[in-house]
Structure formats: C-alpha cells, structure tokens
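Structure first, commentary second.
The values are calculated or read from the model by the stated rules, or taken from the named source; none is laboratory data. Quick caveat, the model's predicted, so the values are computed rather than measured. Cβ placement follows ideal geometry from the backbone for every residue including glycine, while neighbour counts extend to all protein chains displayed. Accessible surface areas use protein heavy atoms only, side chains included; no ligands, DNA or RNA. Shrake-Rupley method; radii C 1.70, N 1.55, O 1.52, S 1.80 Å.
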Amino acid sequence: MVTLYSSPSTNCSGAFSSYSNSSIGFYNYHNNLPISSRKFGSHKISLQINAVRMQDGAVVAPPSKTQDETPLKKLKDGILSKEQKHTFDFDSNKDKSTVSITVVGASGDLAKKKIFPALFALYYEGCLPEHFTIFGYARSKMTDDELRNMVSKTLTCRIDKRENCGEKMEQFLERCFYHSGQYDSQENFAELDKKLKEHEAGRFSNRLFYLSIPPNIFINAVRCASLSASSAHGWTRVIVEKPFGRDSESSAALTGALKQYLKEDQIFRIDHYLGKELVENLSVLRFSNLIFEPLWSRQYIRNVQFIFSEDFGTEGRGGYFDHYGIIRDIMQNHLLQILALFAMETPVSLDAEDIRNEKVKVLRSMRPLQLDDVIVGQYKSHTKGGVNYPGYTNDKTVPKDSLTPTFAAAALFIDNARWDGVPFLMKAGKALHTRSAEIRVQFRHVPGNLYNKNFGSDLDQATNELVIRVQPDEAIYLKINNKVPGLGMRLDRSNLNLLYSARYSKEIPDAYERLLLDAIEGERRLFIRSDELDAAWSLFTPVLKELEHKKIVPESYPYGSRGPIGAHYLAARYKVRWGDLA
C-alpha cells in the first residue's frame, strides 16, 4: 500500500496551479525526513505526485528538480510505474493526515483581527485540509469556550457566498482550542504538544506555528516550539511577522538565532503586502502582456513611484512605532519588496526560488541610499472643521522629544542595464490626507510630439502614466492623451481603467488568506528569503544610522496634509512630479 500526497484541489489553488512545485519538500528539523507539503483532502489527484510513503514508513522522494524537470519527468524517474499513471481516488487515504495550526499570541489584535478571520475564510471556501485543528497559545488565562467567543466576534462570511454561514462558523469554532502558557517554557509547549497529539489522533501530522508576538520573544518561542512541539513525522513550519530586526546587525542576529532551531525552508517571513491581489498581479501584468514588457526599461520609463499613505496617526500605539519609524515599518519591507518584484528580470520559471533569485539580484544592484536622497517628516497637531487632530508627540506613548519620522521620501537607483538612471521614488507617511497604496509608472515624453502646443509649457500633462492601485478600490489604469469630441483640436487626458469591483463580482481575498494558504501548501514564492532580507537591510541601514547619529530633525507637516514640502523638492531634483498630486 502507498499513501499519496497530492497537489492542492483546484477549488482553492487556481492562483497557484501554474507554479512549479520544486520548493515543496521540507525537512523535519530533528528527523531530516523529506516530507511532502501539499494539501490533503477528498479530491481526485492526477500526475502531480510529490512523495510516496510506503506502508513500512519509508518515504520515496523525487530527485532534486532541475530547470528542465517537469512533473511528468518525475514520474518517469520512478515515483510511479506506467500502470500507476492515472487518476487516483484519495478517499481511501483521507484519514491518514492532519494539519495543526497554532497561533502563538492568540489574544493579540493581529490574531483576532487578521489571522483567525483569514483561517475561517479559508475553511469557508473549502481550502483547508479535511482534518485540521487550530490552537490559540498565549499567556492569558482562557478556556476553549472563551477563545471561541472572542474569535467569533471577528468572523465574517464571504459577500458572494453567504449560505450556511452560521453553520460553517459553528463547525470552524469547534476546531478551535486554547492552551495557556509562557513563551519561554518548554514545559508549557510540551503540554501543548500533548494536546495536539490528542487531536491528531494518530494521523500523519503536520504543524504550522504563526508567531503573532513581539520580536523580542521570537527566539524563545521558536526554541520551545522546535524542541517540545515539532511534528514527529511530518513538516513543521513557522510564520514570522515583521519587524525582522532594526538594522543589518540585529536582522542577521535574529536570522542566526532562528536557524539554530529551524532550517531556512521552515521559516516563512511574512510581508502581507506581497499577498495583496494587485501586487501578485504585477508579474502577470508584465510577463503575460506583450504591450508592457518591451516598454519596461530605461528607454521608455522616466520614473517609477511607490506611494503609501495612511489618513490616521499612531492612535495610541506610538510606543511600538517610535522604536522603528516609518522607514523600517513600511519602506524597508513593503515598498522595497514591491520595487524588487517590479524591476526584476524575467525569472527562469515561476518557481519560488527562481523568482526570489531575481529579486535578490535587483536589491544587490541598487545604489547605496544617501542621506541627501532622503526626506523625513513628523506630523503635528492640526485643527480642521472644528476637530482637533493630535500631533505625533501628543500621543502619551511617545516621548515628547522624539525624532522618529512618521513620513519619509527617498530616491533610489538600480545600477544595471535595464534601469540605469531611472529614479525609483518612494513615499510613505502617517496622518496624511488620504489612505492609499499605489505604483505609478511615468513614461518618457513623446519625442517631437506634434501636439506639444496643445499642452502648453507643461509637458508633464502629456506624460503617459500606468497606475496600479493596490488599495483601496483596487484598479489598474493607463493615462493616455485623447482628442475631445468636437470641431476643434482640444486634447484631454483620459483613463483606460480596469476597476476590479466593476470587472469582477467576486470579493478579493485578504492578503493573510493567501499567505496562510501558501504556508500550509509549502509555497514560498511570496515569503522573504534570508538573503533578500540581508540585501534589503544593507540598503537602508547606513542611512538609518546616519539619521540617528546626526539627530536629524524631521520636517513638520500638519495632520491631514499631503506631507512635508521637502518631498516635493526631492522629486523636483530629479525632474519628477509626484503622481498622486495631479
């Protein structure tokens, strides 16, 4: 008898079906046993076989993937004989495996507002394995029923699929349990392990730990989970939330400490912006549309802008934010990761490692960031419409003399053949006039444009611009020049607009849903590798240290404004106008 581990069902993994599975084999840290990481369920499976477990417990794993290796070649290499190359019914083996998901820090806001709702959404859509258990783990004293009551308050059903909502919630909550313990106690994690085994009921077990806890206790929790609560036979994976350190040194120390207990393949560094629909669509837009890829270079693109703005301040969480600031919180991770995806060369394949290799090449090609190319700001109190909005240092959790920036703008450059001389501008801030995240690609002026006189002296009005709006109201639109109907020759700028809410009736999944599903399936494409992290920090660490060493005073800007005036001067230095100001 053999136990087969299948590719995910088409119900939940259509977005991932085109990706190679070369990165799905993970090793149990203690047993060094190759284990398949695909989903389990009562579905038909086809030729995509990642491992075969024999009745005596031995595992036959496929050979390491080469660039020209395909699932069919793997079959020919001996995983299955010709007689076995047909569709198998997985029902006979559905009771053999289970996934246990432990949310460490279950009583925190992130767990309540994002992680548990995302897990429920996956369950509601039928994307979780047939056998799964969810455990909350935190220091707070709580019963299973109290956890379920807390979680139930944040669960919602899909807009486009509301049937049996209450019934589904009850079924999901019945799979949720709680264990109270200290994050640095091997004994408490051993007690958790005992409970997990009770629910796994002798099935082939795989375990996922989500660390929704402050970074200063990551290592203790990982040590205890690894030594006392790892899966004995299946895979064990750990999702780690940012921040991944404060600079190159602390990040390297964190990575080194994690690797004392985990292999790199077991560490899933999550950046939820990489799970957003429009960010994931970036490579599709570029590599599957002939009209864009030939234009994606210094020859046609004048500048690229990555803009992030929030219309609220720290709102009582300034103590955490003051330790990091906007550059570490947003620019070094969210925006830089999007930049790497935007600027990378065509990968060899859609395999996770091939994509991440290209991202690392971009980051290593970038020019070290200079202080002259950075503007920092901090919002101050402002009264508008009779309402007084407090300044950053009015937050009781923030030191009155804090120099932590709540706004930053930077000009970055990629010194390679494709992007030489093209400014990549970043801008991120809190307490601004609007909430948005977008990528703006401004193309070069048309040489010898016959219609320049119709635009007057402002040639920027004639610039084509591609805008990818990540949030809110997800959209992709292209600004073009167009003749206004009539007898005269009057030109106008119009948008060719793909508004997602108008084009697609289906609700867009939350980023955490996609990333949690990827982690369960072993798909690492949207998670950050350690060398990516090192390259990212190497760009920002020198300027961060210089800002702190020289005690650079951030420029003030009113709460609810467009940010400090210095950001406009920075853009003007490179003959750029911020696209969100038009």
Check your understanding: Which residue pairs have Cβ atoms closer than 9 Å, lie 6 or more positions apart in sequence or on different chains, and pair a first residue in the range 289-316 that is within 23 Å of ALA409 (Cβ to Cβ) with a second residue that is open to solvent by 70 Å² or more (accessible area, probe 1.4 Å) and part of a strand (DSSP E or B)?
Key -> GLY313/TYR389
Revision key, fill the gap. The condition from (1) modelled with pLDDT of 95 or more; (2) farther than 18 Å from ARG328 by Cα that VAL376 misses is numbered (2)
Review point. Can you find a residue in the range 516-524 that is more than 30 Å from SER381 (Cα to Cα), touching a Ser or Thr at 6+ places or on another chain (Cβ under 6 Å), surrounded by 16 or more Cβ atoms within 10 Å (Cβ to Cβ) and of a type outside the set (Phe, Trp, Tyr)?
Key: yes
Review point. If ASP311 passes every condition in (1) open to solvent by 10 Å² or more (accessible area, probe 1.4 Å); (2) closer than 22 Å to ILE476 by Cβ but one, which one does it miss?
Key: (2)
Exercise for review: For residues that are over 25 Å from GLU465 (Cα atoms) and free of Cβ contacts under 8 Å to residues at least 24 places away in the same chain, scanning just the range 487-505, find the one that is surrounded by the most Cβ atoms within 10 Å (Cβ to Cβ).
Suggested key: GLY488
Review point. With respect to the numbered conditions (1) without any contact (Cβ under 8 Å) to a residue 40 or more places away in the chain; (2) in contact with a Leu (Cβ under 9 Å, 6 or more places away or on another chain); (3) closer than 30 Å to ARG246 by Cα, which one is the sole condition not fulfilled by PRO472?
Key: (2)
Point to revise | Flag if ASN220 is among the polar types (S, T, N, Q) and open to solvent by 70 Å² or more (accessible area, probe 1.4 Å) | key: no
Review point. Considering only residues of the range 255-267 that are of a type outside the set (Lys, Arg) and not in a helix (DSSP H, G or I), which is surrounded by the fewest Cβ atoms within 10 Å (Cβ to Cβ)?
Key: GLN260
Check your understanding: What number of residues in the range 223-255 are more than 27 Å from PHE540 (Cα to Cα) and of a type outside the set (S, T, N, Q)?
Key -> 10
Point to revise | Single match in LEU425, LEU432, LEU466 (criterion: surrounded by 15 or more Cβ atoms within 10 Å (Cβ to Cβ), within 23 Å of the chain's Cα centre (by Cα), modelled with pLDDT of 90 or more and within 30 Å of TYR320 (Cα to Cα)) | key: LEU425
Practice item. Tell me which residues, restricted to the range 471-495, are part of a strand (DSSP E or B), at pLDDT below 85 and in contact with a helix residue (DSSP H, G or I) (Cβ under 8 Å, 6 or more places away or on another chain). Key: ASN481, LEU491, ARG493
**Study point:** Any pair with Cβ under 7 angstrom, 6 or more apart, that starts in the range 393-405 at a residue that is open to solvent by 60 Å² or more (accessible area, probe 1.4 Å) and ends at one that is polar (S, T, N, Q)
**Key:** ASN394/SER381; LYS400/THR393
Practice item. Take GLY386 and decide whether it is open to solvent by 20 Å² or more (accessible area, probe 1.4 Å) and among the small types (Gly, Ala, Ser). Key: yes
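Condition check ((1) over 26 Å from PHE135 (Cα atoms); (2) in contact with a Ser or Thr (Cβ under 7 Å, 6 or more places away or on another chain); (3) assigned to a helix (DSSP H, G or I); (4) open to solvent by 10 Å² or more (accessible area, probe 1.4 Å)) across all residues:
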{"position": "VAL238", "(1), (2), (3), (4)": "no, no, no, no"}
{"position": "GLY245", "(1), (2), (3), (4)": "yes, yes, no, yes"}
{"position": "SER251", "(1), (2), (3), (4)": "yes, no, yes, no"}
{"position": "ARG269", "(1), (2), (3), (4)": "no, no, no, no"}
{"position": "VAL284", "(1), (2), (3), (4)": "yes, no, yes, yes"}
{"position": "LEU290", "(1), (2), (3), (4)": "yes, no, no, yes"}
{"position": "GLN305", "(1), (2), (3), (4)": "yes, no, no, no"}
{"position": "GLY316", "(1), (2), (3), (4)": "yes, yes, no, yes"}
Study note, to complete from the structure: Here the residues within the range 550-582 that are in contact with a strand residue (DSSP E or B) (Cβ under 7 Å, 6 or more places away or on another chain), among the aromatic types (Phe, Trp, Tyr) and surrounded by fewer than 18 Cβ atoms within 10 Å (Cβ to Cβ) are TYR574
